[in-house]
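The values are calculated or read from the model by the stated rules, or taken from the named source; none is laboratory data. All values derive from a computational prediction rather than experimental measurement. Don't worry about glycine lacking a Cβ; one is built from the backbone with ideal geometry, like all the others, and counts go over all protein chains shown. To get the accessible areas, we keep the full protein, side chains included, count just its heavy atoms, and leave off ligands, DNA and RNA. Shrake-Rupley method; radii C 1.70, N 1.55, O 1.52, S 1.80 Å.
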Amino acid sequence: MDKKNLCDLDVAGQKVLVRVDYNVPMEETGKITDDTRICASLETIKYLLEHKAAVILMAHLGRPKGQVNIKYSLAPVAKHLAKLLNMPVAFAGDCIGEEAEKAVQKLKPGKILMLENLRFHKEEEKNDMDFAEKLASLADLYVNDGFGVSHRAHASVEGVTHFLPSAAGFLLEKEIRFVGQAVENPLHPFVAIIGGAKVSDKIGVIENLLEKVDTLLIGGGMANTFLAAQGHKMGKSLVEDDKIALAKELLAKAKARKVKLLLPVDLVMAETFAADASHKVEKVAKLDQKYMALDIGPATSTLYQDALQDAKMIVWNGPMGVFEMDAFCKGTEAVAQAVAKSRAMSIVGGGDSVAAIEKLGLAKKITHISTGGGASLEYLEGKVLPGVAALDDVRRKIVAGNWKMHKNVDEAVELAEDIVSDTNGTLNEVVVFPPFTALESVAEAIDGKHVGYGAQDLHWEDEGAYTGAVSGKMIADICAEYVLIGHSERRTMFGDNEVAVAKKMRAAYRNGLKPMLCVGENAQERAEGKTSRKISMQLKSALKGITPDEAEVLVVAYEPLWAIGSGQAATAKDAQEVCLLIRNKLEKLFSADIARKVRVLYGGSVNAKNAADFAISGIDGVLVGGASLDAQAFSAIARSI
């Protein structure tokens, strides 16, 4: 995950404001009938308490529409949480103002306080910044552990991040890890199962998944509209007539992308929409026009079960029929059994899908059960969730300029000073790599400013009879922070092989320098499909013997050799795929925790016009060549990433 998580924060002795999703079903007596969402937050709460944080919980319940309504008070939730934690949970009768402030003042490390319903204030849903600042003033740190509300740009979700250091709680992190992988880096074969009543509810999900899945199974009421689009007469079944044209488009898109899109071959047809309705199983080609479809039939269940057998990743959202009626739950239950039986990574979301899994006692056989309804759907659509996007990045983006053999001393100093001036205020890290002859003068001119500097290369020995070489010891003496290693031109023009690159890496670390390791494939390797093999080999060789602590400060730059100096550039998608490959390799070499901290850049003919294309997930900045020789152009790049 590219966002900071709970373990990235030092919470000891700090007041931590935690957004949780406690919008739970409750009887008029205050009895909570389903505490799944509360239980899901316990891991984060217990971690904070164990690490001596003062925990301030905030949540909403129901839709009080900006008015105080005792019916929606969180007081019963606080009592229920106290029972689950077996410890007192203090309760404040408001979420801002004097009462909240006094309650927070009394709160000690290792204790917990719950604030009253956020939506008693209309400013919450409007993401009012004054309201957000009042919430933030209660604490030192902010943690979002409410995935189910993270698709809302509300004050307690997005607004508070403008005023406090922020991170994801364990629940949110887990949701992002699993659902995010399905969206960004799925395993294949990838099978998605989408059900529910209407196509219109899940158009975006289906369209996005068609770009990623190998097989798509459609069930529930929405299948009727697809069947109607194929020319089947659906009788009294729910069909969205205004979406038939769209269904035809989606079917055509699936065919064009060679996605196997499966629809029911038989249906359970009922005389009326009732639990005790007369019903029968019929083939879709011969449906009784006086009946309506309320479930997939047994032949379809078998077809869908077979489609799941070889899957390595399964995403399921939505029932196959009217699951709440016993006569029409068989299809959903059959799919649930098949998903649980599969060896694939399985992700299940949506109320009825989750209910089926839990009803059959299969929850432990599912890799991840999502707690967020609308949030899960929007994430599967590929939408950016405001509550996730607003959290602090674990990796600060970096824009590096390699000046190569350009600029004399005076020109280099002038360019460096102009870059300092023009990039003032950017949140990204900016680093320049002047030629060796100008490095010390540039260092003197900009030392202590927000722009860093480094060397373009180094020798693997610290001293000796190496005519023309510059050592890491010399570079460190100038107080340079970074050094480029394995740049494409060093590899192709000066013969820097993997042995030399590995020795230079060790020299950099030995002298306290942060290496910016360049890796990439040439045109022939790319054409032959050897990109992954080549880059994996480069990383394995260069990082042999490097410790996890050393790896944390590493920067890797992907330089497609076929693009360097050609005026060509990899597409953003191409670059993203290789940067992801690099991070996956780093995870195998070190650990997931180390891999998430290493910054991976793209460096292939980047300029002011295309730089913004690479400001996407998984790419942590750019390494710029020729465009870094002009202060205005380079500064424009620094502000666009």
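Looking at region 31-60, which of the residues that are open to solvent by less than 20 Å² (accessible area, probe 1.4 Å) and in a loop (DSSP other than H, G, I, E, B) is nearest to residue 106 (Cα to Cα)? Filtering first and then ranking leaves 53.
Part of a helix (DSSP H, G or I), out of contact with any Gly (no Cβ under 9 Å at 6 or more places or on another chain) and either touching a residue at least 12 places away in the same chain (Cβ under 8 Å) or not aromatic (Phe, Trp, Tyr) (or both): is that true of residue 521 in this structure? Considered against the rule, which asks whether it is part of a helix (DSSP H, G or I), out of contact with any Gly (no Cβ under 9 Å at 6 or more places or on another chain) and either touching a residue at least 12 places away in the same chain (Cβ under 8 Å) or not aromatic (Phe, Trp, Tyr) (or both), residue 521 comes out as no. Take the residues in region 148-164 that are without any contact (Cβ under 8 Å) to a residue 60 or more places away in the chain and among the hydrophobic types (A, V, I, L, M, F, W, C); name whichever of them is least open to solvent (accessible area, probe 1.4 Å). Ranking the qualifying residues of region 148-164, first place goes to 155. Summed over region 118-147, the residues that are among the polar types (S, T, N, Q), open to solvent by 10 Å² or more (accessible area, probe 1.4 Å) and over 25 Å from residue 69 (Cβ atoms) give a count of 1. Return yes or no: is residue 466 more than 16 Å from residue 560 (Cβ to Cβ), of a type in the set (Ser, Thr, Tyr) and buried (at least 18 other Cβ atoms within 10 Å of the Cβ)? In short, no. When every residue of region 559-580 is checked against the conditions, at least one turns out to be open to solvent by less than 40 Å² (accessible area, probe 1.4 Å), assigned to a loop (DSSP other than H, G, I, E, B) and modelled with pLDDT of 90 or more.
Pairs meeting the criteria (first residue in region 575-603 and within 17 Å of residue 525 (Cβ to Cβ), second residue open to solvent by 10 Å² or more (accessible area, probe 1.4 Å) and among the basic types (Lys, Arg), beta carbons under 9 Å, at least 6 apart or on different chains) are 585/540. Scanning region 20-30 for residues that are at pLDDT 95 or above and either β-branched (Val, Ile, Thr) or surrounded by fewer than 19 Cβ atoms within 10 Å (Cβ to Cβ) (or both) gives a single hit, 20. In region 380-388, the condition of being modelled with pLDDT of 90 or more and surrounded by fewer than 19 Cβ atoms within 10 Å (Cβ to Cβ) is met by no residue. Test residue 458 against the criterion of being in contact with a Leu (Cβ under 9 Å, 6 or more places away or on another chain), of a type in the set (A, V, I, L, M) and either modelled with pLDDT under 95 or surrounded by 17 or more Cβ atoms within 10 Å (Cβ to Cβ) (or both), and give yes or no. So residue 458 passes the test. Screening region 472-491 for residues that are part of a loop (DSSP other than H, G, I, E, B) and either open to solvent by less than 10 Å² (accessible area, probe 1.4 Å) or in contact (Cβ under 8 Å) with a residue 40 or more places away in the chain (or both) and picking the one that is farthest from residue 542 (Cα to Cα) gives 480.
Would you confirm whether any residue within region 176-196 is buried (at least 21 other Cβ atoms within 10 Å of the Cβ) and over 30 Å from residue 303 (Cα atoms)? Yes, region 176-196 contains at least one residue that is buried (at least 21 other Cβ atoms within 10 Å of the Cβ) and over 30 Å from residue 303 (Cα atoms). When region 230-278 is filtered for residues that are among the acidic types (Asp, Glu) and open to solvent by 30 Å² or more (accessible area, probe 1.4 Å), the ones remaining, listed by number, are 241, 242, 249, 271, 276.
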